[in-house]
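Undergrad: Once you've had a glance at the structure underneath, I'll fire off some questions.
Values in this text are rule-based calculations from the coordinates and carry no lab data. Owing to the predicted nature of the structure, the values given are computational and were not obtained by experimental measurement. Because the Cβ atoms are built from the backbone with ideal geometry, glycine has one as well, and the counts that use them run over all protein chains shown.
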Amino acid sequence: MLGIDIGCGDRKRPGFIGVDVRKTKAVDVIADARKLPFRDSCFDYVYSSHLIEHFSHREVKNVLIELVRVLRKGGTIEIRCPDLRARCLLFFLNPTWQNVINIYGAQDYPENTHKCGFSFGLLKSLLKSVGITDVQRVIKVKGYKNLPFLPEDLHVKGIKL
């Protein structure tokens, strides 16, 4: 199985090709997710953790189109990103600077700013619109900030038609 971890940052999935806009020890290919330097349908598995929120709501569909472009038919796409509803609820209950950072990103380098947010319904709809089917939410028991009623993050998997 040939897999790619797009937006891997400092950690990439074992056995996958690591792609990011900046060079880190985990990165194999420096590239922007909006224009990946790979041919169509060349990967069996596309993984992206905490990447799509770094693009504006105007860009995110095109980024997903690009991620799906490099995925073979019948391949799996797995995406993790902040669950905006959970993060906003925490801010509502406890308006701290840390909870602001949890919504908008650490902003410690230019690309580390959150520009868009998602709920399961919004992300599922976007994925379906770019050719992904059987979109399922992956639920972790631990919960965000160890609160079992809040999802750790928005974690979905789907299959390319």
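Undergrad: So what's the angle, to the nearest 10 degrees on a 0 to 90 scale, between helix 84-93 and the longest Cα principal axis of the chain?
TA: It is inclined by approximately 10 degrees.
Undergrad: Compute the length gained on full extension between residue 147 and residue 94: take 0.36 nm times their separation in residues and subtract their Cα-Cα distance, giving the result in nm to one decimal.
TA: 17.7 nm is the gain from fully extending residue 147 to residue 94.
Undergrad: If I fit a long axis through the Cα atoms of helix 60-69 and take the longest principal axis of the Cα atoms of the chain, what angle between them do I get, 0 to 90°, rounded to 10?
TA: Tilt relative to the chain: about 30 degrees.
Undergrad: If you put +1 on each Lys and Arg Cβ and -1 on each Asp and Glu Cβ, how big is the dipole of region 101-161 around its Cα centre, in Debye rounded to 20?
TA: 280
Undergrad: Quickly rank 33-40, 52-59 as a protection proxy: mean count of other C-beta atoms within 10 Å, highest first.
TA: 52-59, 33-40
Undergrad: Just to confirm the number: angle between the C-alpha axis of helix 120-129 and the first principal axis of the chain, 0 to 90 degrees, nearest 10?
TA: So the helix axis and the longest Cα principal axis differ by about 20 degrees.
Undergrad: Still on this structure: Kindly state, to the nearest 0.05, the FRET efficiency for residue 35 paired with residue 106, given R0 = 25 Å and r defined as their beta-carbon distance.
TA: Once rounded, the FRET efficiency stands at 0.50.
Undergrad: Which translational diffusion coefficient, to the nearest whole µm²/s, is obtained for the chain from the Stokes-Einstein equation, given a Kirkwood hydrodynamic radius over C-alpha pairs, 25 °C and 0.890 mPa s?
TA: Roughly 152 µm²/s, to the nearest whole number.
Undergrad: When the Debye formula is applied to the Cα atoms of region 62-107, each taken as the same point scatterer, what base-10 log of I(q)/I(0) results at q = 0.17, 0.25 Å⁻¹?
TA: -0.63, -0.84
Undergrad: Another one. Within region 17-161, what is the number of lysine pairs with alpha carbons under 12 Å apart, leaving out pairs fewer than eight places apart on the same chain?
TA: 6
Undergrad: Now for a different question. For the chain, what relative contact order do you get, as a whole percent, if you take Cα pairs closer than 8 Å and at least 6 residues apart?
TA: Value for the chain: 21 percent.
Undergrad: Just to confirm a number: summing +1 for Lys and Arg and -1 for Asp and Glu over residues other than residue 116 whose beta-carbon lies under 10 angstrom from that of residue 116, what do you get?
TA: So the environment of residue 116 carries a net charge of 0.
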